Amino acid sequence: MKRILPLLLLLATPGTAWSAFEPVYAGARPVGMAGAFVAVADDAEASFLNPAGMSQVDRFALTSYYTRLFGMKELAQISVSGVAPTGLGHFGLFYHGLGSSLYREGGFGLSYGRSIGRRIRAGLAFRRMSLSVRNYEGASAVVLDTGVLVDLPYDLRLGAMAHAVGRLTESGPAAEPPRIIQAGLSRTGDRLTVSFQLDRHPRHGYTTRVGQEFRLAEFVTFRAGLTTDPSLFYIGLGFEKGHLKTDYALSSHSLLGITHRFSLTMEFG
């Protein structure tokens, strides 16, 4: 019962529950900006957060991410993703895992992105997701996600992402990935990036995300952001030395407590 109680508490708390097969907010950098990343998407996390942004990555990049949501070992989350630039466009590969032997979600995918002209970038991703609950039948699904980035005047950038816009295969009970639409606007200056994003969930309605990233020094970056429904505040720090980057993010929930998140990114070439 002690192992089941944290999961039941999480799923029963208004504003924190999620459905199976929803897109994962992974990576300490985007989470430190409250997930307002669809109009930024300029690193290895772009492979699943908005594959259109992979065309901004100019060398092979690999990132890993780990957290225990609300400090619960039953909700351990890991993620690994990579981006490879080629003459034919940018290719991405990613994997996510969430949960324990009691309840586990997993997913992996392939993504592709490229520039179309000088101002438009487009991308797509194929995701295969699986769900297993002890003593219950599992489920799986394969979906298609699409994304776009558009450069606007005054250093503005418009980004949009459609998750599960195409459902290719589904099997098992409750294997219906939600079609989630995200749209955002960002502006990057000399040292400051600000980003606004609106998510539409078919069952949970709208969530607003606002984030910022400020370079304090050559190797140190500070991040902060907030969301509505649920109302959460995020802060984060990034450290960069050569081709190695480490990121940390923290969020706090009034009922479920604090979540610490860590990422490590390496670039090659």
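The values are calculated or read from the model by the stated rules, or taken from the named source; none is laboratory data. Just so we're clear, the structure is a prediction, and the values are computed from it rather than from any experiment. Positions of Cβ are backbone-derived with ideal geometry, glycine not excepted, and every protein chain shown enters the neighbour counts.
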*Within segment 28-71, how many residues are in contact with a helix residue (DSSP H, G or I) (Cβ under 8 Å, 6 or more places away or on another chain), farther than 22 Å from residue 183 by Cβ and charged (D, E, K, R)?*
1
*Report, ordered by the first and then the second residue, all pairs with beta carbons closer than 9 Å, sequence separation of six or more or different chains, a first member in segment 127-145 that is in a strand (DSSP E or B), and a second member that is among the acidic types (Asp, Glu) and buried (at least 23 other Cβ atoms within 10 Å of the Cβ).*
127/145
*Please identify the pairs in which a residue from segment 158-177 that is within 19 Å of residue 138 (Cβ to Cβ) has its Cβ atom under 7 Å from the Cβ atom of a residue that is at pLDDT 85 or above and acidic (Asp, Glu), counting only partners at least 6 apart or on another chain.*
164/145
*Out of curiosity, is residue 186 small (Gly, Ala, Ser), over 30 Å from residue 140 (Cβ atoms) and at pLDDT 95 or above?*
yes
*Only one of (1) surrounded by fewer than 16 Cβ atoms within 10 Å (Cβ to Cβ); (2) touching a residue at least 12 places away in the same chain (Cβ under 8 Å) is not met by residue 238, so which one is it?*
(1)
_Which numbered condition in (1) in contact (Cβ under 8 Å) with a residue 24 or more places away in the chain; (2) of a type in the set (Gly, Ala, Ser); (3) closer than 20 Å to residue 66 by Cβ; (4) surrounded by fewer than 20 Cβ atoms within 10 Å (Cβ to Cβ) is the only one that residue 183 fails?_
(3)
*asked:* Can you go through 102, 69 and tell me which one is buried (at least 16 other Cβ atoms within 10 Å of the Cβ) and modelled with pLDDT under 90?
replied: 69
